[in-house]
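Undergrad: Before I ask anything, let me first share the structure, which is written out below as structure tokens.
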Amino acid sequence: MTRSATDRRRKEALQGWMLLIPALLIMLVFTVYPVFRSVYLSLFKYRMGKVPEYIAFDNYVQLFGNSTFWKVMRNTLVFALMTVIPSMILGLCLAMLVNRKGRHIGFIRSAFFYPSVMPMIAIASVWMFIYMARNGLFDQLLVSFGLQPANVLSNKDTVLPAMAVMYVWREAGYLMVFYLSGIQSISQDVLEAAAIDGATGWKTFRYVTLPLLAPTTLFVSTIAFTNCFKLADQVIIMTEGAPNNASSLLLYYIYQQGFTNMNYGRSSTLTVIMLALLMVFSVPRFFSQDRKIHYN
Amino acid sequence: MSAKKIGSLLVTLFSIVLGLIWLAPLFWLVSTALTETTFNMSFFPHSPFTFKNIDYVWHAVPFGQYYINTIILVVVTFCIQFVTSTLAAYSLAFLNYKGKSVVFVIIFMQIIIPNDVLIIPNYLTLTGLGLIDTKLGIMIPFLGSAMAIFLLRQHFKTVPRAFGEAAKIDGANLWQTIWRVYMPCAKPAYMSFAVISVSYHWNNYLWPLIVTRSPQNRPLTVGLAIFAKSKEADMQWSNVCAATLIIILPLLLAFFIMQKQFMNSFISAGVKE
């Protein structure tokens with residue numbers, strides 16, 4: 001290799017890194033470093049204003065023996081199950097419904113999607129009044145049917161389902177747009193071929209559309225899980241975990257341990273658990289990248 | 001009328017009804033915000049129309065200040081992201097050097113780990129940097145956006161190499177090449193990234209809640225949450241609805257005007273792999 005070629009190469013590398021540095025530096029300090037710092041701090045007894053004290057895995061041992069922790073984990077997974085699958089199914093149904101042309105269709109799509117451009121706390125404050133005891137719309141509806149007011153946010157059995165209904169309402173329209181783009185990328189030829197073979201309505205959907213949407217479904221499931229694990233805003237507004245931690249979710253618990261109890265060691269431990277959870281549920285993304293699911 | 005036509009009409013009717021159900025909370029929010037307070041909540045407000053609630057809330061809470069704060073946060077964040085992401089995307093798209101795969105791993109990490117999950121370590125970092133209760137502190141974790149870098153890189157790659165070469169032969173330097181050739185070609189990507197960035201930061205709550213202490217730095221979302229829980233709100237839904245309306249209105253209007261652009265942006269930002 002000639003000297004000038006080596007020089008040129010070096011220059012290109014230098015330029016490459018120089019252009020990267022601003023963005024890379026921020027990502028290193030606020031995404032990579034905090035991941036390692038959480039792992040490190042999870043090994044310390046560390047409260048605000050105190051000197052951190054190394055305690056190896058004691059934080060984990062304490063958490064695993066703590067009933068509140070298990071309650072929060074259970075809530076988080078139950079909430080995920082109550083929201084992810086229903087909002088995916090609903091999202092797909094809505095996408096099928098709005099996958100048409102017409103003057104009104106833009107309006108209908110917007111009607112399903114608009115909750116996604118509202119902040120979660122705005123949604124939570126509106127729904128809090130819907131769910132409010134006695135005077136709230138939901139309780140009034142129950143009363144008008146001759147039932148007892150339910151006060152759903154104060155009951156440990158109904159608080160999570162009530163939040164789940166709100167969240168599915170918000171999330172379905174968001175997932176709808178991914179399904180819509182998936183449906184629209186299915187080639188017309190395939191659908192026509194199915195029609196020639198005599199497939200109609202439900203059959204086309206079941207044996208053609210749905211299998212061809214498998215990669216979309218896989219992708220949508222990862223964003224749906226990630227989105228629902230990172231929820232805390234509505235808990236802060238609506239219940240603060242009440243009654244008796246029945247509505248506490250993992251991110252809210254991290255927030256509460258860190259910023260109400262000022263227990264950085266414990267909240268770092270919870271952060272590590274959250275990261276593990278996110279990693280497990282992001283695995284499908286690796287697969288969807290490496291080998292696309294094909295149905296031919 | 002054929003059976004097919006009737007079926008299509010029924011589907012249209014059904015989707016309109018379902019759409020109206022979806023719009024109900026918004027309808028209720030707006031109508032409650034704009035009518036006189038009543039004791040019992042009702043879906044169809046029967047009290048007279050009024051701007052009193054909006055007026056009361058606007059003066060009870062420094063929403064003017066919060067508005068300015070949110071606008072500063074949104075605009076400055078986007079502008080800095082615009083520069084950092086463009087440079088990084090160009091570098092990753094066209095320059096050859098070792099270590100790029102490590103950078104992609106970091107980008108991937110940021111895509112799967114939502115910023116909100118890292119509030120504890122990032123709060124400690126921010127304390128160390130002395131940036132608690134500053135606007136820069138709210139913005140700084142977002143100034144290098146993996147999503148934007150990925151999106152722009154993909155669009156840059158679709159620009160024919162000959163365009164860039166031609167600019168170079170004409171004597172354009174790197175900045176001019178990016179500015180004159182690649183940025184205009186990637187306009188749709190920039191639009192998507194702008195929509196996503198602005199809506200994310202307009203609506204962001206948890207991180208600004210943790211970082212801010214004073215009204216001088218608080219964005220709208222944090223202001224709303226504080227108001228909703230305060231004595232001034234008085235557990236009055238008409239006031240809280242009025243406050244909510246004040247903070248969601250700009251983004252919601254923009255969305256209803258440009259709904260297609262918004263939805264496409266969310267798709268392209270999501271499906272980046």
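Undergrad: Using the C-alpha atoms of region A:28-166, what convex hull volume per residue, in cubic angstrom, is computed? Show your work: numbers first, answer last.
TA: Details: hull volume 29.5 nm³, N = 139.
Cα convex hull per residue, to the nearest whole number: 212 Å³.
Undergrad: What nm value, rounded to one decimal, do you get for the distance between A:F57 and A:Q184 when each label is placed 7 Å out toward the C-beta?
TA: 5.1
Undergrad: So what's the Cα pair-distance distribution over region B:60-270, bin width 5 Å, in %?
TA: Cα pair-distance distribution for region B:60-270, in percent: 1, 7, 13, 15, 16, 15, 12, 9, 5, 3, 2, 1, 0, 0.
Undergrad: Please give the helix B:100-112 orientation as an angle from the longest Cα principal axis of chain B, in degrees from 0 to 90, rounded to the nearest 10.
TA: Once rounded, one gets 10 degrees.
Undergrad: May I ask you to order B:154-163, B:176-185, B:117-126 by the average number of other C-beta atoms within 10 Å around their residues, highest value first?
TA: Values: B:154-163: 14.0, B:176-185: 16.7, B:117-126: 23.2.
Ranking the peptides B:154-163, B:176-185, B:117-126 by packing returns B:117-126, B:176-185, B:154-163.
Undergrad: Label B:L253 and A:W202 with points 7 Å out from Cα along Cα→Cβ: what is the distance between them in nm?
TA: In this crude label model, B:L253 to A:W202 measures out at 4.8 nm.
Undergrad: I would also like to ask the following. Using r as the Cβ-Cβ distance of B:E36 and B:K229, and R0 as 35 Å, what FRET efficiency do you calculate, to the nearest 0.05?
TA: Details: r = 23 Å, r/R0 = 0.67.
It comes to 0.90.
Undergrad: Evaluate peptide B:89-97: per residue, the Cβ atoms of other protein chains within 10 Å of its Cβ; return the mean as an integer. Mind dumping the intermediate values first?
TA: Values: counts 3, 4, 10, 4, 0, 3, 10, 4, 9.
The shielding value for this peptide is 5.
Undergrad: Please give the contour-minus-distance gain from B:V159 to B:D133: 0.36 nm per residue of separation, less the Cα-Cα distance, rounded to one decimal in nm.
TA: Working: separation 26, 0.36 × 26 = 9.36 nm, distance 4.24 nm.
That pair, B:V159 and B:D133, stretches by 5.1 nm at full extension.
Undergrad: May I pose another question? Post the alpha-carbon centroid distance, region A:177-256 to region A:1-70, in whole angstrom.
TA: One Cα centre to the other: 31 Å.
Undergrad: Using the alpha carbons of the protein assembly as shown, what is the convex hull volume per residue in cubic angstrom, as a whole number?
TA: 203
Undergrad: B:W179 to A:R100: FRET efficiency via 1/(1 + (r/R0)^6), r the Cβ-Cβ distance, R0 30 Å, to the nearest 0.05? Walk me through the numbers before you get to the answer.
TA: Working: r = 42 Å, r/R0 = 1.38.
Given R0 = 30 Å and the Cβ-Cβ separation, E is 0.10.
Undergrad: In degrees from 0 to 90, rounded to the nearest 10, what is the angle of the helix B:146-158 Cα long axis to the longest principal axis of chain B?
TA: 50
Undergrad: Something else now. Once every DSSP H run of n ≥ 4 in the protein assembly as shown is given -39500 (n - 2.57) and the sum is divided by its residues, what mean residue ellipticity at 222 nm do you get, rounded to the nearest 500 deg cm²/dmol? Show your work: numbers first, answer last.
TA: Working: 28 runs with 387 residues, N = 569.
Here the helix-only value at 222 nm equals -22000 deg cm²/dmol.
Undergrad: For chain A, which longest stretch is free of loop sites, where a loop site is one of the trypsin sites (Lys or Arg not before Pro) that DSSP puts outside H, G, I, E and B and that has at most 13 other Cβ atoms within 10 Å?
TA: Working: sites that count: A:K50, A:R100, A:K101, A:R103, A:R134, A:K156, A:R291, A:K292.
Longest run free of exposed loop sites: A:157-290.
Undergrad: Quick one: go through region A:217-259 and flag any residue whose amide nitrogen is under 18 Å from the point 7 Å out along the Cα-to-Cβ line of A:K156.
TA: Backbone N within reach: A:239-250, A:253.
Undergrad: While we're here: Normalised by the number of residues in chain B, what is the relative contact order in percent for Cα pairs under 8 Å and 6+ residues apart? Don't jump to the answer; show the numbers that get you there.
TA: On the way: 240 pairs, mean separation 83.1, N = 273.
Value for chain B: 30 percent.
Undergrad: I've got another one for you. What dipole magnitude, in Debye to the nearest 20, does region A:57-189 give about its Cα centre under +1 on Lys/Arg Cβ and -1 on Asp/Glu Cβ? Don't jump to the answer; show the numbers that get you there.
TA: Values: 9 positive and 5 negative charges, 67 e Å.
In total the dipole reaches around 320 debye.
Undergrad: Any idea how far apart A:R47 and A:A193 come out in nm if each label point goes 7 Å out from Cα toward Cβ?
TA: 6.8
Only the coordinates and a few stated rules stand behind these numbers; no lab work does. This is a predicted model, so every value here is computed, not measured. Every residue, glycine among them, receives a Cβ derived from its backbone with ideal geometry; neighbour counts consider all protein chains shown.
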